[in-house]
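Novice: Below: one structure in C-alpha cells.
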Amino acid sequence: MWPSSPLLSVALVLGIPTLLSVISLTLLALGHRERGQHMLAAGALSALGACCALALGMERLALALWLGADTLLLIGGRHYLGQAPRYLTTLPWPTLAFAIFLYSDAAPGSALHILALALAILPLAPMHVGSLIPNVVEERWAAPRQLFAVAHILHAAYWLAVALAWLTGAPGAWARLPVAYLPLGLMVLIAGLAWPQLVGQRLRSRISRLARFDALTGALNRRGVEEIALRELHRVRRHQGQLGLVLVDLDRFRTLNARYGHGAGDVALRTCADAIREQMGRGEYFGRVGGEEFCILAPGLAGEALEQLLAKVRQAVRELEVEHEELLIRFSASASMAGYGVDGSDFDTLYRVAMKRISQEKKGPIAFADTAPQAAAA
C-alpha cells in the first residue's frame, strides 16, 4: 500500500482547484440549463470524488472516478456543442483501462497501472480536440477554443511520454503514481476555467448571428447586408473593382398574405429564398432587405456577367409554387439590378435604383393563382 502522506498531499493539492472547477461548472449549468452542461458539472464532481478517494488511499476508486471525469467532460462537451456523443468510440477506452487496473496483480504504482491510465487518456485527448473544432457558421476558432485544444494536446503528449518511459524501463518520479494524477487534476481545473469562456463566446456568436441574419430564411438581414456592402464597397474603391446588386421583390405579397394567411406567406418567402440561392455563385452574399425583398451582392460582377446573373434569377423566380392547405399556390417575383459606378457608388443609391427598376417592371393585376395539387399534377 502506498504511504498515506504522498496520497494525502496530492489529494490536497488537487482538491482545492477541483472544488473551484465544480463550483464554476455547476453555476454554469444552473445559469444556462443547456444540454450537456449538467454532464460537465458531473465530470468535475467526479474529479472531486477522485480527490477524496485518493486522500483515503482508495486507488481503484480514485482511478475509476478520474476516468469517469474525463469521459463525462468529453461527452458533456460534445452534447453542448451539438455533436454526437459517440458512446461506442468513447466508453470502451476508460472501461478497458479500469479493467486492466482492477484485475492486475501487480503492486500499486506499477507499469500496468500507469499504462492503464495512458490507454484511456491517449485516445480521449484527440476526441477532446476534435470536439472543439467549429463545425457551424456561427462558431469561431477563437482563443478559448485554441488554448483549450492546446491543453489537451499537451496532456496527451505528457501521457505518451509517461507510457514510453515505462516501456523503456526508465520512469522518473514524474511518471509514477500518485504524481501522475496531477495532470488529470490540472485538466479539470482548465476545463472549469475554459468552459465558461467557450459558453460566453458561443452566446456572443449567437447574438451576432441574430443581429445580422433573418430567422425565417437564414439570409442576411438589412443590417447584415449593409455591413457587408460597406466593406465590399470600400474594397472596390481601393482596388478599382466591380460590384453588382440584384434585387428581387415578391409580387403582390400582401395580397397573398391576406388571401392565404401568414403561414403561406412564410413558406413563399422561404421558397423564393431557396430558388435565389441556387443561382448564386461563390463569393456572393444573399440577404433579405425588406418584408418581401431579397438582395444579392455580387463582388466582381458588372455588365454582361451581372445581366446573366439577373437572367438566371428572373427565370428561377418566374413561376414559383408552394403547397398550403391542400392548395398549390403559384406566385411570382420581379428582379432588377444596379451596378457600382454606373448606377451609384453607395448601397442606398444602388438599392433605390434597383427598386425603381422593379417598380417599372411590375405589370398585370394577377401575380399568383391556386389549384388543387391533384389537378395541377394531372
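Novice: Return the label of the correct value of Rg and Dmax of the Cα atoms in Å, as calculated from the structure shown, out of (i) 30.1, 93; (ii) 27.3, 96; (iii) 25.3, 79.
Specialist: For Rg and Dmax of the Cα atoms in Å, the calculated option is (i).
Novice: Most fluctuating residue of LEU167, LEU297, LEU73 in a GNM of the chain with Cα springs under 10 Å: which is it?
Specialist: Highest fluctuation of the listed residues: LEU167.
Novice: Protein chains only, probe 1.4 Å: how do ASP343, ASP249 rank by accessible area, largest first? Show your work: numbers first, answer last.
Specialist: Numbers: ASP343 35, ASP249 10 Å².
Sorted by accessible area, descending: ASP343, ASP249.
Novice: Once Lys and Arg get +1 and Asp and Glu get -1 on their Cβ, which of GLY57, LEU182, LEU73 lies farthest toward the positive end of the dipole of the chain?
Specialist: With unit charges placed on the Cβ atoms, the residue in question is LEU182.
Novice: So what does ILE207 come to for accessible area, using a 1.4 Å probe and Å² rounded to 10?
Specialist: 110 Å²
Novice: May I ask you to give the percent of accessible area on the chain that is carbon plus sulfur, with a probe radius of 1.4 Å?
Specialist: Values: 11380 of 18570 Å².
Carbon plus sulfur share of accessible area: 61 percent.
Novice: Between exposed trypsin sites (Lys or Arg not before Pro) in the chain, where DSSP calls loop and at most 16 other Cβ atoms lie within 10 Å, what's the longest gap? Show your work: numbers first, answer last.
Specialist: Numbers: sites that count: ARG33, ARG35, ARG86, ARG140, ARG282, ARG318, LYS362, LYS363.
The reported range is 141-281.
Novice: Using a 1.4 angstrom probe on the protein heavy atoms only, could you order VAL150, VAL317 from most to least accessible area?
Specialist: On the way: VAL150 75, VAL317 0 Å².
Greatest to least solvent exposure: VAL150, VAL317.
Novice: If R₀ is 30 angstrom, what is the calculated FRET efficiency for the pair ARG357 and HIS239, using the beta carbon separation as r and rounding to 0.05?
Specialist: Numbers: r = 27 Å, r/R0 = 0.91.
Calculated value: 0.65.
Novice: Could you list which residues have their amide H under 5 Å from that of HIS324, counting only those 5 or more apart in sequence or on another chain, with H placed in the peptide plane?
Specialist: ILE329
Novice: Modelled label-to-label distance, ARG86 and GLN308, 7 Å Cα→beta-carbon offset: nm?
Specialist: Here the answer is 4.2 nm between the modelled labels.
Novice: With every protein chain present, what is the per residue accessible area of the stretch 1-104 (1.4 Å probe, Å²)? Let's see the in-between values first.
Specialist: Values: 4950 Å² over 104 residues.
Here the per-residue accessible area is 48 Å².
The values are calculated or read from the model by the stated rules, or taken from the named source; none is laboratory data. The structure presented is a predicted model; accordingly, all values stated were derived computationally and were not measured. Cβ coordinates were reconstructed from backbone atoms using ideal geometry, including for glycine residues, and neighbour counts include every protein chain displayed. These accessible areas exclude ligands, DNA and RNA; they are computed on the full protein's heavy atoms, side chains included. Shrake-Rupley method; radii C 1.70, N 1.55, O 1.52, S 1.80 Å.
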